[in-house]
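Asker: One structure, pasted below without further comment.
The values are calculated or read from the model by the stated rules, or taken from the named source; none is laboratory data. Keep in mind the model is a prediction, meaning the values are calculated, not measured. Using ideal geometry, Cβ is built from the backbone for each residue, glycine included, and neighbour counts are taken over all protein chains shown. Surface accessibility is based on the protein's heavy atoms, side chains included, excluding ligands, DNA and RNA. Shrake-Rupley method; radii C 1.70, N 1.55, O 1.52, S 1.80 Å.
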Amino acid sequence: AVAVLYTYIMSTWCRTKLRPVADAVAEPLMYCWRWPWAGGQWRRLLAGSLVAAVWVGFTLHQWGQPPALSSLASGKVNLRLPMAEWAWLGCSIFVLLLATCKGLRNLVLST
């Protein structure tokens, strides 16, 4: 699959021959990508809420409920998270910044 993708990207002849297949595969994906941006603020809010709900649901399912803030503030419970959870939270913040900050997105894509 990687070799086909590389050949498709690098070869003009391959892009020309596989154009009908690529268009058929990309059309539903492009529709899903355009849907929130072409419909105004309500669609963006709905799409953002859906993504946030899926993220929260996955995070709670994967790592469970965090300790209460009152127990953290009183010092009864230490916040010791596994490395995988720190990585998940860090990557989530990075993706959120990439999605919302055009300057950071341009910086990452240009390098």
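Asker: Going 7 Å from the Cα of residue 83 toward and past its Cβ, which residues in region 41-67 have a backbone nitrogen under 16 Å from where you end up?
Answerer: Taking a point 7 Å out along Cα→Cβ of residue 83, no residue of region 41-67 has its backbone N under 16 Å.
Asker: For the chain, what are the DSSP H helices with axial Cα length of 30 Å or more and mean Kyte-Doolittle hydropathy of at least -0.5?
Answerer: Qualifying helices, which must be both long enough and hydrophobic enough, are 12-38, 41-63.
Asker: Related question: Can you work out the accessible area per residue across the chain, with the rest of the protein chains kept in place, probe 1.4 Å, in square angstrom?
Answerer: Result: 86 Å² per residue.
Asker: Here's a follow-up. Determine the shape class of the chain: with a ≥ b ≥ c the square roots of the Cα gyration tensor eigenvalues, call it rounded for a/c under 1.5, and otherwise prolate if a/b is greater than b/c, oblate otherwise.
Answerer: The shape class here is prolate.
Asker: Could you work out [θ]222 nm for the chain from helices alone, using -39500 (n - 2.57) per DSSP H run of at least four and dividing by all its residues? Round to the nearest 500 deg cm²/dmol.
Answerer: Dividing the helical sum by the residues of the chain leaves -27500 deg cm²/dmol.
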